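The values are calculated or read from the model by the stated rules, or taken from the named source; none is laboratory data. These numbers come from a predicted model, not from an experiment. Cβ atoms come from the backbone with ideal geometry, glycine included; neighbour counts cover every protein chain shown. Quick note on the areas: whole protein, heavy atoms, side chains included, nothing else; ligands and nucleic acids left out. Shrake-Rupley method; radii C 1.70, N 1.55, O 1.52, S 1.80 Å.
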Amino acid sequence: MEHNSAETVVPDSRDEIFVVGGGEVLEAGEKHLLENVSQYVQQNKETTNTQLFSFLALLNAYIPDAYLLMSECQKILGPPDPIHGGPPFEERMEPFTVLINISSTSPERVCMIHPVLAEKAVELLADLGISRSATMKKFIFSFCESQLQPHILQFIKDLLTKREQGEKGKKKFSGLIEDIEKEKFHRALFVLKMASSKLRQNPIFPQTISRLYYIRGGPNKYRKAEEWAITAIERAPNNSYVADTLGQVYKNRLMREARRREDVLNMAEKAFRAFRDVETKADREEGPEMTDTAGVVSISISYNNRGRFGFIQVAKITFEKLKKVGIYPSRHFIQNLKMKVEAKFDFFEWYLNYSKPNMTSVEPAYFWKDVVLCYKMYTTKEASESTSFPGLLDRLNRGLFTSKGRRARFEEFKETVSDLEAVQDDLKTTYEANADDVKAAERYILSNVILCNKMHNSTQLTPVNELKAVIHRFLDTEVGRRSPEFYLLALLLFWPEGEPQVGQEDNDDEEEEQQATEDDGSEDKTWEDEDSNEEQETREEPEQLPLDLMFDPDLQQYVTFMEKAFERAKYAKYLRGRYLLPLFFLGKGSGLSKWIHKSRLDEIVEAQVDAALADNQDQRTAKKWKRINEMWIKGDVWRVPEIQDMLLPVQVEQCEPSLIRPHGYEAKEVFVCAGGKKIVAKVEPDALVLSPMVFYLGFTIQGPVVFKVGYPHVSGQ
């Protein structure tokens, strides 16, 4: 029988439960527990079948898919084995047999018939004097004396160290450790120490012991926590996540115990040193694709940002502590840390604007809050005033429910047209004073794209051809060696204008009629169409492009350059395992107006969710995040009429599958047809390319990406 079958099937000898629905199985199983099992265990606590049953119950109560092999079960039961003439397994396991499932696979796997009954059994056994801690100790002792099987090691690790996701983030400890701690703190400690002793090479157990000490321990908890954190590092000297625990010990001690100036500075220095070590080790770690590469000492699915963030937290806590004891941090102290804090801020600004942990989640609310507050303490600058490339990208997010600032509980307002015009004017002045500075040019161009998203006909906008001239000055120098941001802008500026959609007839009369409609000032025009009026033409196209700009840009080359720049800038290294956020989408406008900042989609989605939750004000905030995420995950975003009216579908063709990409999954690639050319773009793994399918085009900091929308609407269907 398979453990995960739709119906629960038990051997014919078990008369009390038949092939029935899950509810009836649970009801009958609970009755059997209370009557037969309870009575038997009270009189047979030390028997091997009771011990084996307690192991199975504990495993499946906390790891629903866990199991023991039949050979392992027979070893616990002891001789005589059925193959040597002993009684059958089912007979030896009475009265527990009815609650146990035996798979038909080879080798046979044994587990409880349902995790809920496993939980009930664990509770019952605890009431009868067989505690979780006692069962876990016997389990470790029974299976760690001889050669440990990989699946048993994984189950022990999961039981003792796997932290589940709670409503407010990951829980502090595994469910089993949390429950054993309710028995007694020292019982949880003893179980972990026993695992650490039996599995001497594994760092995760001393690491968890250290965390248990500094979070829940009593007197001398920080000294003990430090000792165990160092033990963990000795077992895994190149692992940044293991190294992070020592930094957390010092940070917590700084936060909770340090009172005098000397203590604050001493503990802060220890914490800084520990987090620098974490950062160094994290920088040396490589992704899974480098597993067999010579010289690679440590592998990590994602980049460990805790060293950098830990440094930010310690700098912030130290500043606050010194003020609290009446000693404002000295100029020397601030200057000594200022450049380091600025570097960490710069890192997190692009790190959080270009990516998030995965499609469905974001960093904890305190993450950006601590970064921003620390940055202000040491530089007196406001993060909201940043005009860096990622800082500019973030300006249109402000005031939205999904923005980093709102989540960090900062008072945040949407940027006005005047705000963005002032920024564009300042960056134009900066560029004109530093015309050979490519970074100044990038920010100046981007400020126009951002402003156009807020007000497409702002008189402050620089004509597109002038922006093309700006970036063209840098295209023939350091060819292929510019930043991902540079090539993103090149692609935005030189991307061909939208072409007629599938099903649109190439009819001269219709074109003339359409042109007449666009020119007559009709109220039916969309704001994208307004770009065709005489005033806009005069403003955006003041003169013919110079001859040196009359060239046919190789957009595929820019895409290739951008992807290589993504690697060269180490974005691939630092953003591996994370979801790359789409920054812009291709829209139906022209010039700069054809690029739609993601915030405009987020604003529409937020309004849709607000309307749906209008009748549930009490639960509105709690459900809002979930609803917004669901709309993106399920693709409901693409079915919103306002968004459909805004975005331009693109034609795609299948091309060869790509290799494993740095951000952690095997992405397919397609050709996007634009301006008579085929340009390679990534596409989500499950997005099969079928000819009638509708796709939208977006850009991440790595390059173009295609989003599967669905099938085109057909009249009458």
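When both residues are 6+ apart or on different chains and their Cβ atoms are under 7 Å apart, which pairs have a first residue that lies in segment 135-150 and is under 13 Å from Leu199 (Cβ atoms) and of a type outside the set (A, V, I, L, M), and a second that is in a helix (DSSP H, G or I) and open to solvent by 60 Å² or more (accessible area, probe 1.4 Å)? From segment 135-150, the pairs are Cys144/Lys198. Scanning segment 377-402 for residues that are touching a residue at least 60 places away in the same chain (Cβ under 8 Å) and under 26 Å from Ile317 (Cβ atoms) yields a total of 2.
Test of understanding: among Ile450, Ile471, which residue is in contact with a Leu (Cβ under 9 Å, 6 or more places away or on another chain), open to solvent by less than 30 Å² (accessible area, probe 1.4 Å) and more than 23 Å from Lys598 (Cα to Cα)? Give the steps one after another, and end with the answer.
Working: Ile450 fails: more than 23 Å from Lys598 (Cα to Cα).
The unique qualifying residue is Ile471.
Taking the condition under 29 Å from the mean Cα position of the chain (by Cα) and among the acidic types (Asp, Glu), does Asp263 pass? If you could, list the steps in order and put the result at the bottom.
Values: under 29 Å from the mean Cα position of the chain (by Cα): no; among the acidic types (Asp, Glu): yes.
Answer is no for this residue.
Can you tell me which residues in segment 37-77 are open to solvent by less than 50 Å² (accessible area, probe 1.4 Å) and over 21 Å from Pro88 (Cα atoms)? Those that are open to solvent by less than 50 Å² (accessible area, probe 1.4 Å) and over 21 Å from Pro88 (Cα atoms): Ser38, Leu58, Leu59, Asn60, Ala61, Ile63, Ala66. Out of the residues in segment 90-104 that are in contact with a strand residue (DSSP E or B) (Cβ under 9 Å, 6 or more places away or on another chain) and β-branched (Val, Ile, Thr), which is least open to solvent (accessible area, probe 1.4 Å)? So, considering only residues that are in contact with a strand residue (DSSP E or B) (Cβ under 9 Å, 6 or more places away or on another chain) and β-branched (Val, Ile, Thr), the one least open to solvent (accessible area, probe 1.4 Å) is Ile100. Scanning segment 227-247 for residues that are closer than 17 Å to Phe272 by Cα, surrounded by fewer than 23 Cβ atoms within 10 Å (Cβ to Cβ) and not hydrophobic (A, V, I, L, M, F, W, C) yields one hit, Tyr241. Of the residues making up segment 305-330, just one is surrounded by fewer than 21 Cβ atoms within 10 Å (Cβ to Cβ) and within 19 Å of Val242 (Cβ to Cβ), namely Arg306.
Exactly one residue out of Pro107, Pro87 is surrounded by fewer than 14 Cβ atoms within 10 Å (Cβ to Cβ), under 23 Å from Lys45 (Cα atoms) and modelled with pLDDT under 95: that is Pro87.
Here Phe275 fulfils each of the conditions (1) without any contact (Cβ under 8 Å) to a residue 40 or more places away in the chain; (2) farther than 19 Å from Asn336 by Cβ; (3) not polar (S, T, N, Q) apart from (2). Could you check, for segment 407-423, whether at least one of its residues is surrounded by fewer than 21 Cβ atoms within 10 Å (Cβ to Cβ) and aromatic (Phe, Trp, Tyr)? Yes, because at least one residue in segment 407-423 is surrounded by fewer than 21 Cβ atoms within 10 Å (Cβ to Cβ) and aromatic (Phe, Trp, Tyr). When Phe190 is tested against the conditions (1) open to solvent by less than 30 Å² (accessible area, probe 1.4 Å); (2) farther than 24 Å from Ala271 by Cβ; (3) in contact with a Ser or Thr (Cβ under 8 Å, 6 or more places away or on another chain), the lone failure is (1).
For segment 197-213, a residue qualifies if it is of a type in the set (Ser, Thr, Tyr) and either over 14 Å from Ala225 (Cα atoms) or open to solvent by 20 Å² or more (accessible area, probe 1.4 Å) (or both), and the qualifying residues are Ser197, Tyr213.
Among the aliphatic types (A, V, I, L, M), more than 47 Å from the chain's Cα centre (by Cα) and more than 20 Å from Gly175 (Cβ to Cβ): does that describe Ile83? Before you say what the answer is, go through the steps one by one.
On the way: among the aliphatic types (A, V, I, L, M): yes; more than 47 Å from the chain's Cα centre (by Cα): yes; more than 20 Å from Gly175 (Cβ to Cβ): yes.
Taking the combined requirement at face value, the residue satisfies it.
Among the conditions (1) open to solvent by less than 60 Å² (accessible area, probe 1.4 Å); (2) closer than 24 Å to Thr560 by Cβ; (3) at pLDDT 85 or above, Gly676 misses just one, which is (1). Segment 575-657 holds helices (runs of 4 or more DSSP H) entirely within its bounds, and those carrying 3 or more residues that are modelled with pLDDT of 90 or more, within 21 Å of the chain's Cα centre (by Cα) and surrounded by 19 or more Cβ atoms within 10 Å (Cβ to Cβ) map to 598-612.
Within the option set Lys270, Lys224, being in contact with a Phe, Trp or Tyr (Cβ under 6 Å, 6 or more places away or on another chain), free of Cβ contacts under 8 Å to residues at least 60 places away in the same chain, open to solvent by 30 Å² or more (accessible area, probe 1.4 Å) and closer than 22 Å to Ile140 by Cβ holds for one residue only, Lys224.
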